[in-house]
Amino acid sequence: MFSTRRNTLGAVATAAAAVLLLAACGGGDGGGTADDGDVSVTFLPKNLGNPYFDTSNAGGAAAVEEFGGTFAEVGPTEASPTSQVSFIETAAQQAVDALVVSANDPEAICDALDEASGVGVKIVTFDSDTNPDCRDVFVNQATAEGIASAQVDLITEQIGDEGQIAILSASANATNQNAWIELMEADLEANHPDVELVEIAYGDDDDQTSFDKTAALLQTYPDLKGIVSPTTVGIAAAARYLSTSEYQGEVALTGLGTPNQMREYVKDGTVEAFALWNPEDLGYLAAHTANALVTGEASGPGDSFEAGELGTFEIDDDGVVLLGDPFVFDADNIDDFDF
Amino acid sequence: MSEVSTGSADGVGTVPSGGADSAAGRAVAAGPNGGRVYAAHARPLWRRVLVTREASIIGLLLAVVAVATVAVPNFDSPLTTTFLLREITPILLVALPMTLIIVTEEIDLSVASVIGLSSVVVGLGVQAGWPFPVAVGLAVVVGAVAGAVNGALVTFVGLPSLAVTIGTLALFRGVAVGLLGTTAISDLPEFWTGLTRENIPGTPIPLVMIVFAALALVFAVVLHFTPVGRSLYAIGLNKEAAAFSGIDVGLTKFWLFVTSGAVAGFAGVYFTLLYSNARGDNAIGMELQVIAAVLLGGVSIFGGRGALHGVIAGVLLIGVLGSALRLSGVTSDIITVVTGLLLIGSVTSARVLALAHQRRARPGRRGGIAQVPPG
């Protein structure tokens, strides 16, 4: 009979413990449904604990505070294709007014977004779009043209608009990078006749490979005046090589990077300036876009809306709102960012 | 349902210990003979059914549902039921054969990779223009073949399933990702993808639950009401004893792995349709969710103990807890922590109870405990 009594006790104890656990964790404010007239906006980044999205979420939260809504931030710990679905479903159950998503996969979350849409949730994608049928508006951080011309402007300015340059890209079949490089080549040819692009090297978005390719470029082309790396992995590896070499300050380096990776190289003079978009502005604009859709200030292509301190934006024919030109980071502003 | 005679309801009290009683499993299966009375059978039926590990998990599940219904806004909506069931169906499906495998003291870590592989096969089949049912059939066959690879290495080569399936976890995933690269096939027949989002008319319960219920019934009958099921517990408790009792241990395990592969293959088809997305990296990491749920449901990782209703409750408990916490705005890292603590708490409490019981059971006392299956 001992066993019986113990098992009963055990069952009761386990049950009680779990109920307490749940009561302690749950029963919170419930994420906020919007029956009080407030606009409730839920941000769903690719994953949590990612400084880039922490920054964009902070921008979103600031915007929501401005227009007096309820802000929530949810997300999976891993950026896998389907990990966002349960959070989209939760938003649908809560019937939030708008969901702002950076999609891990353009298709896998589509049906879930459709269902959320079906219960009246406005869907805004930012940073990474889904299939256009699955969302109301995509807030695009930058166009390929904008990214290409920002990098050409930076490098030509840094080398005095003449001399040899090379590109250190990701992999040879990286879609984004190839599109940008094509536009950069056209821009160089048309507007910078004295700048010669001598080689496009591929670091495969691998730190060590990019590091080695940087070394190879510098040895192959003794007169090289600048390197453009349109990938965050490449630019950081190239900067690391340059900062410890005789070429520091002699060979210019720019491209797309993140402030946290590039901070020390900007401060030690290896890199003068580099570009990327400002994720905080991106989150801020996405939240305002969501608000405009919920309040009816804008409802589709052709409509314009106010986005606080960023000004007025228009939804284009593809349902896209463009943040603007890439943001240039340099020694003066890099300490304002942490991502 | 799964009374003591299955060795599941209260394993601690049911292991007859007559020294080198080589037919331990058998004796339980054959029922008391020669006037022997099992300690556990001295207890009234209602106690044997209600006071079990499985019952405590079911109780916990009901308690969590009750608390969430009252305390968590939006939890009591029909949408919650639909979304929850839809999402945990792959885990429910794969947990059925996993339970049988763990009962025999083996493990199959490759199930999520088989789901990925099956997903790619379905996608490629559709892309090649095959009729959808043919693609599904092939995916299930590929799953079964993958399971047969595991089974053959475990039984005919004699390797531990932990090592074998860690290897095939990587192997099958590698093949799946290799076949399709980083691309996804999302142009799947809309009739079938739509079907995964349909409910049984008039209820919030997804249609796929009919398939699950049928499969669960088959697995429950086999495990708890047939000689085959008895033999699985016997293998898990003592495989030498089981072999001497005339059970073909190797063959039994082989077919369990084949079954596990085939069910994972089917789960892969469902997963693909649910997310309209055939990809090599689908369901990455799901094997751990499945095993966590099976252990939470009262199955001993050392084999010989567990019941399907506990496992189903275990899967539902993890699902409901996640859903309730998400609705309360709890972040996913905390949800993972809570799930982990729940599992550790449940395994620990079972172990502590078993130890306490063991200490009480003095040697020489009839039915004294020779071996306590922990967990």
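Derivation of every value follows stated rules applied to the coordinates shown; laboratory data play no part. Everything quoted here is computed from the prediction, not taken from an experiment. Here the Cβ is made from the backbone with ideal geometry for all residues, glycine too, and neighbour counts use every protein chain on show.
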Name the residue, out of A:Ala62, A:Ala292, A:Ala179, whose mean-square fluctuation peaks in a Gaussian network model built on chain A with Cα pairs under 10 Å.
A:Ala179
Taking max minus min of the Cα coordinates of the protein assembly as shown on each principal axis, largest first, gives extents in Å of 103, 61, 53
Please arrange A:Arg240, B:Arg360, B:Arg326 by counting, for each residue, the other beta carbons lying within 10 Å of its beta carbon, fewest first.
B:Arg360, A:Arg240, B:Arg326
Measuring from centroid to centroid over Cα atoms, what is the spacing of the range B:58-131 and the range B:231-274 in Å?
19
extent check for the range A:181-339: Cα max minus min per principal axis, descending, whole Å, gives 59, 35, 26
Most exposed to least, judged by fewest other Cβ atoms within 10 Å, B:Leu109, B:Leu355 sort to B:Leu355, B:Leu109
Taking one equal scatterer on every alpha-carbon of chain A, how large is log10 of I(q)/I(0) by Debye at q = 0.06, 0.08, 0.11, 0.12 1/Å?
-0.28, -0.47, -0.78, -0.88
Please state the Cα pair-distance histogram of the range A:94-249 with 10 angstrom bins from zero: what percent is in each bin?
10, 31, 25, 16, 12, 4, 0
What whole number of Å gives the distance from the Cα centroid of the range A:206-237 to the Cα centroid of the range A:89-158?
32
Any lysines with Cα under 21 Å of the B:Lys239 Cα? List them, leaving off those in the same chain fewer than 8 positions away.
B:Lys253
Förster radius 41 Å - calculated FRET efficiency between B:Ile301 and B:Leu195 (Cβ-Cβ, nearest 0.05):
0.70
From the phi angles alone, apply the Karplus equation (6.51, -1.76, 1.60; θ = phi - 60°) to the range B:342-352 and give each ³J(HN,Hα) in whole Hz, x where the residue is Gly or Pro.
4, 5, 4, x, 6, 5, 5, 4, 5, 5, 4
Pairwise FRET efficiency - B:Thr348 versus B:Thr183, Cβ, R0 = 41 Å, nearest 0.05
0.40
